[in-house]
């Protein structure tokens, strides 16, 4: 592109327009025609972030094509964003710290945000911190958002600011694709070093949600070089959980979480006066 | 408190009640479990910028362990030390289980518990008094509460390991707002099914 003259507005415009064509294959964010129901496609590279509002019933597939991705996930109720993922409630209500197929992501209002419809990953982590400037400065020598080892917390600050939220809204994340095991004495054992190329997690939106995620190395990853492979995101429209949904009926706690969610949806519909609105 | 100290505050927190207080750098807070196995739900905020607050995840990650015990450093969401556990006569404390709420109680014990008083209501009561709110609710510490994590990932609140008169002592490493809910839960063993008062003693070097 050096041959293009950027000294004039017309030259600069041609230079700018030439760039998208050159990169189109790698960073395709648009939904190609002829893919009905596809809501979102995006590839998130090392150190980056993404946010999206997904409607109730949508299926969000997070895929690890190269086997070494690491995702920090936050979820909010799209319509009242003070309601958000609560990690302690998620593990405590389900009597289970290790998330996987059939598990729920619960809000701090006793409702289901999303559920794990399928999961072929090696596992996840509900205990560890997301990286912040403190962690990445110590580990990589630089954790600045503009540097080579951007930290998750500062990435979320920017991502959430674009949604009208702030640093107060960066709660603890669930950390996907990098399992951490808790020993009998309470100590952590890192189990995230086995590559799992092609593994994926399918999350169902059980209400309209705002999803925010970062792709940064797990804080317990022992490698001292900033290493994380890309995440492929696909979201499609889908049918919400029915009364006989296996995740809903699996436990009394899940049953009541869906009841609370539907109770809230009923009121919302009434106030909005929208028949069948979700 | 064998060393020479001056008592700055000596409060008893009633069963089921909220409490908050600013503890200054270098001061110590002793929490006494007066009647035994009374969960004390506990949060910290920087007194100068409440966006910086206790982070269970950063605390556990930094020490490589889920349990809090003597020597544990309570870290903020920016990784900074907020308080240090300088002494504990109970073997360990929890920071995985979070706070009880009306809403989560309805999932755990049934919809009939939705109108029972709960820790999140206590926390929010103190938060709004101090110009904070729901967005400032983050996972807390549960002093004197026992939450084992088993090899298959099972975890839950089980019978306590505290006893009358046992205590935990914390030294402030920055000026902090301490916000406490003296847990009102009656549906699990965290308070021995009978919430009881606790004592809060703030001291400073004489």
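Readers should treat all values here as calculations from the given coordinates under stated rules, not as data from a laboratory. Not measured: the values here are computed from a predicted model. Methodologically, a virtual Cβ is constructed for each residue, glycine included, from the backbone with ideal geometry; neighbour enumeration extends over all protein chains shown.
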request  = Taking chain A as the reference, fit the longest principal axis to its C-alpha atoms, fit the long axis of helix A:252-272 to the helix C-alpha atoms, and give the angle between the two in degrees, 0 to 90, nearest 10.
outcome  = 70
query = So if R0 is 45 Å, what FRET efficiency would residue B:206 and residue A:163 give, r being the distance between their Cβ atoms, rounded to the nearest 0.05?
reply = 0.35
Alpha-carbon spread of chain A, three principal axes, descending order, Å = 66, 54, 34
key: chain B: most fluctuating residue of B:36, B:110, B:98 per GNM, C-alpha cutoff 10 Å   = B:110
key: chain A: calculated mean residue ellipticity at 222 nm from DSSP helix runs of at least 4, using -39500 (n - 2.57)   = -7000 deg cm²/dmol
task = Rounded to the nearest 500, what is the 222 nm mean residue ellipticity of chain B from helices alone, with -39500 (n - 2.57) per DSSP H run of 4+ residues and division by all residues?
result = -3500 deg cm²/dmol
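When N is the residue count of the range A:95-242, what does its C-alpha Rg come to as a fraction of 2.2 N^0.38 Å?
Details: Rg = 16.0 Å, N = 148, 2.2 N^0.38 = 14.7 Å.
Normalised Rg, Cα atoms only: 1.09.
Give me a single rounded figure for A:160-168: the average over its residues of other chain Cβ atoms within 10 Å of their Cβ.
Values: counts 0, 0, 0, 0, 0, 1, 2, 6, 11.
The mean count of partner-chain Cβ atoms within 10 Å per residue comes to 2.
What does the highest-first list of A:187-193, A:239-245, A:87-93 look like by mean Cβ count within 10 Å?
Numbers: A:187-193: 15.4, A:239-245: 13.3, A:87-93: 25.4.
Ranking, from highest mean packing down: A:87-93, A:187-193, A:239-245.
Quick one, what does Rg over Rh come out to for the range B:19-197 if you take C-alpha atoms and the Kirkwood Rh?
Details: Rg = 15.3 Å, Rh = 16.3 Å.
We get a ratio of 0.94 for the range B:19-197.
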ask   = Using a Gaussian network model of chain B with C-alpha springs under 10 Å, which one of B:43, B:107, B:170 is most mobile by mean-square fluctuation?
value = B:107
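Apply the Kirkwood formula to the protein assembly as shown: the hydrodynamic radius equals the inverse of the mean of 1/r over all pairs of different alpha-carbon atoms; give it in Å with one decimal. List each step's numbers first, then the result.
Values: mean 1/r = 0.0425 Å⁻¹.
Evaluated over the protein assembly as shown, this radius sits at 23.5 Å.
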ask   = What ranking do A:8-14, B:121-127 get when scored by the average of other Cβ atoms within 10 Å per residue, highest first?
value = B:121-127, A:8-14
query = Hey, rough spin-label estimate for residue B:89 and residue A:184, points 7 angstrom out along Cα→Cβ, what's it come to in nanometres?
reply = 2.9
query = What is the extension gain from residue B:22 to residue B:70, computed as 0.36 nm multiplied by their sequence separation minus the C-alpha to C-alpha distance, in nm to one decimal?
reply = 15.1 nm
note = Extend 7 Å from the Cα of residue A:138 along its Cα-to-C-beta direction; within the range A:181-222, residues with backbone N under 11 Å of that point are A:220
request  = State, to one decimal in nm, how far the label point of residue A:268 lies from the label point of residue A:145, with both points 7 Å from Cα in the Cβ direction.
outcome  = 2.9
request  = Against the globular-protein guess of 2.2 N^0.38 Å, express the Cα radius of gyration of the range B:133-206 as a ratio, rounded to two decimals.
outcome  = 1.34
ask   = What's the angle, to the nearest 10 degrees (0 to 90), between helix A:152-161's Cα axis and the longest principal axis of chain A?
value = 90
query = What Kirkwood hydrodynamic radius, in Å, does the range A:45-87 give when the mean of 1/r is taken over all pairs of distinct Cα atoms and then inverted?
reply = 12.7
ask   = GNM on chain A, C-alpha springs below 10 Å: top fluctuator among A:165, A:106, A:74?
value = A:165
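Summarise the partner chain shielding of B:74-83 as one whole number: the mean count of Cβ atoms from other chains within 10 Å of each residue's Cβ.
Working: counts 0, 2, 2, 10, 5, 10, 1, 0, 0, 0.
That average works out to 3.
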request  = Please give, to one decimal in nm, the separation of the simple spin-label points placed at residue B:51 and residue A:239, each 7 Å out from Cα toward the Cβ.
outcome  = 4.6
task = Please average, across the residues of A:254-260, the number of beta carbons from any other chain that are within 10 Å of each residue's own beta carbon, and give a whole number.
result = 3
remark   = Rounded to the nearest 10, the angle in degrees between the Cα long axis of helix A:9-23 and the longest principal axis of the Cα atoms of chain A comes to 50
